[in-house]
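Notes for the one structure printed next.
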Ligand SMILES: Cc1cc2nc3c(=O)[nH]c(=O)nc-3n(C[C@H](O)[C@H](O)[C@H](O)COP(=O)(O)OP(=O)(O)OC[C@H]3O[C@@H](n4cnc5c(N)ncnc54)[C@H](O)[C@@H]3O)c2cc1C
Ligand code: SF4
Ligand code: SF4
């Protein structure tokens, strides 16, 4: 019988029951909503949009691969690896799915990648390269760990307390690449008189490891970071990075399939995880923030997949932007749960830079079509890709993280 | 398994692939989204899957003559969004908002063209017939590589109708992609009626519900009238079989009313109530019941990703779903229901049956949703056996399976008129001398 589970040792076989729940309806291949108040139809799968073939489109293609691999109808190959590693894990397919496989879709992608690592297949060279050094550097940028806090001016560094209510979990991208976002965040937190600190033994949150199926390596990272709140007597992590937010709030804390408690235990049980936009919105709602200036520009907002679809934080950034004096807010056609990925996630920016930037270009064009002057988002990783696409295409748009927009014009009441 | 997959973007690319395949005698299987339930895109003999998704242009929506022209890759999602955004009008003078087409309950990513050329079923079928009756023109590439236009589009750029020409579109409609690759399709579209309502009634037996349905649709006042057996009305469908509670109705029915004014809806409702009262007076056992609002939405807001997802079925079993879907004279519904019920229960399956009327009093659909556990070979086999047995039992009663998988096709061919089979083979040979297009699916070549 060709439909019997034969490859029982695969990581994917552990969720075989759920993978089988896919009815192959194909909803996941296209974004769609229709009704008295809705009329939305658009391609949302970045991978399918680029590579077209069915296996690349949404989760249905990956289910077919998974089942064929488990049933021994096909074997792992470079072609299979290409399908697995060009998915950004944006979650648009999961958003569209209505059957019982839905919660397991992203987990399925990661399990398949975990299996691919154990086969003799072509893992994207750049992913392999950072994977070789992350255990030593604790970041995927091949930078030295000792330089993680180099972006902090010494005046600020010296003012940081040893223990605080919040740990600002900076993340690797803001620490080593988009340092202005990290700086803006620190300035904002100081202006808002938030009791926070930054720790020099922060390691990569493990998002790149989990998203690319490197479960064994991720373990140390999850355990290490989970010990930080107790060590610094903090009750919460605060992040500006959507990837870190997703990982700390879901992967560390939650049971499968939303998180990885089945592999690493239930971590951070007493630690709150907040995205900066949530903190700012909360303070605004309490009347603790006052605007001291204007931002007189037309702005559109890109939902980071890890903050939006993965964590369902759609409103906090919008509510903040809508309160900024002078700011005219416009939506792109594809927004919120129907947003289109920037193209960087799931290891794609590292593994396939050209395709990643091509995707970001599509998003930038969509932002341009709104007539906005500024494209904003709430993630340093989206920043990298969208900013690079703006430069590459000589787009008239300017990219600013939402924190960079508000930091100069607020104070604590 | 296919040996190759190609994704042409243009008609010329299709011609090239077909010429090469014809020369080398390689099978070519047209494919859009592969959501047909009959395995119609599963190659019987390997070959080339021709995936037409990249041909995704809505070429024209004519809001005055009320037709649209599309390529094969246009999904229900994209087409419905475009139709909803275009308004019926005459020289800029708009009459109403948005156009409708016969939307099925399938996934919104499925191809409109693939559905329509294979006698697809949609929500307007009670009013205007099934979707292949709404076609107005076609461009097709023959297996030998020639491109032909059929209908008014063969003479001008107007794609409004096949009539009064000979109906050559019949050579490519209902043939399951075995005679040509359709590259453009013209279809009538219909102004969306702004007022909608759903009326519901249940019945004690298949006989009772059929009496009511035949009476009601006699007046051609509804867009759709459908009945589902108790097992199909459960969410999720009962799997494996379990007995219905004694006091529960055997069938539940809904009918969709649409109109231009509330008065029109009120009038249709009055007529509907009159039918129900008259049937009750004759002794037909009809039982009052109300649809929950969510279920009403599922009937009036199509195409729907929720309805098309088969959500209800995956939960109950192991993600497998199939059905013997057939067109049948309504007279046969109660007779076949009793036969099918016996067959399904014998195989441990629920008789999750549906009746739907097409186009007034002329014909209808009879099908039985069949969940099965994909992980259990015995469950797969039981479903397969039950479905084939149902088809065999139905053919003498005038029932014909639509989009039939090879198993059903073999049942049909075994009892078909010899002249019909001769002509089928002759047409296939004429159009496809090397039998390269989706070979094996018709069971004659
Ligand atoms: C849950 C569910 C519900 C469904 N409900 C309905 C329903 O209500 N009504 C209904 O009609 N269908 C229904 N279907 C069946 C199916 O989804 C539709 O008929 C659909 O529109 C087929 O589109 P597709 O893109 O998947 O076609 P495919 O499966 O890719 O192709 C269907 C057939 O058309 C042929 N074909 C494809 N393109 C061409 C072409 N360009 N030229 C010639 N032949 C071609 C193929 O070879 C194949 O034989 C349902 C399916 C599912 C899974
Ligand atoms: S993953 Fe979900 S949406 Fe996609 S085909 Fe399977 S059931 Fe349908
Ligand atoms: S996660 Fe995003 S890129 Fe990956 S298959 Fe789903 S929709 Fe496509």
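Of note:
- For chain A, alpha-carbon Rg relative to the globular expectation (2.2 N^0.38 Å, N residues): 0.97
- For segment A:202-269 versus segment A:110-166, the gap between their alpha-carbon centres in whole angstrom: 13 Å
- For B:74-83, mean number of other protein chain Cβ atoms within 10 Å: 4
- 0 to 90° range, to nearest 10: angle between helix A:353-369 axis and chain A longest Cα axis: 60 degrees
- Segment B:1-57 and segment B:343-382 have their alpha-carbon centroids 30 Å apart.
- Residue among A:200, A:255, A:115 with the largest mean-square fluctuation in a Gaussian network model of chain A, springs linking Cα atoms under 10 Å: A:200
- Scattering curve values for segment A:134-278, log₁₀ I(q)/I(0), Debye with Cα scatterers, q = 0.16, 0.17, 0.20 Å⁻¹: -0.80, -0.91, -1.27
- Calculated log₁₀ intensity ratio I(q)/I(0) where the Debye formula runs over C-alpha points of chain B, q = 0.08 Å⁻¹: -0.47
- Residues B:86, A:155, ranked from the fewest to the most other C-beta atoms within 10 Å, line up as A:155, B:86.
- Global geometry of segment B:316-445, whether rounded, prolate or oblate, following the gyration tensor of its Cα atoms and the 1.5 cut on a/c: oblate
- Residue exposure proxy: B:380, B:74, A:324, ordered by other Cβ atoms within 10 angstrom of their Cβ from fewest to most, comes out as B:380, A:324, B:74.
- Peptide A:13-25 - average C-beta neighbours from other chains (10 Å radius): 5
- Note on segment B:55-191: the alpha carbon radius of gyration divided by the globular reference 2.2 N^0.38 Å gives 0.99.
- The angle between the Cα long axis of helix A:105-117 and the main principal axis of chain A comes to about 70°, on a 0 to 90 degree scale.
- Span from the segment B:394-439 Cα centroid across to the segment A:1-72 one, whole angstrom: 33 Å
- An ellipsoid equivalent to segment A:11-117, defined through the eigenvalues of its Cα gyration tensor, has semi-axes of 24, 15, 11 Å when rounded to whole angstrom and sorted largest first.
- For A:31-43, mean number of other protein chain Cβ atoms within 10 Å: 6
- Over all pairs of different C-alpha atoms in segment B:106-154, the reciprocal of the mean inverse distance, the Kirkwood hydrodynamic radius, equals 12.3 Å.
- Likely footprinting exposure, B:424, B:258, A:276, fewest C-beta neighbours within 10 Å first: B:424, B:258, A:276
- The Rg/Rh ratio of the protein assembly as shown, with Rg taken over Cα atoms and Rh as the Kirkwood radius over Cα pairs, comes to 1.00.
- Chain A: angle of helix A:125-137 to the longest principal axis, Cα-based, in degrees nearest 10: 50 degrees
A short reminder: the numbers here are calculations on the coordinates, not readings from a lab. In this text, all values refer to a predicted model and were calculated from it rather than measured experimentally. Every residue, glycine among them, receives a Cβ derived from its backbone with ideal geometry; neighbour counts consider all protein chains shown.
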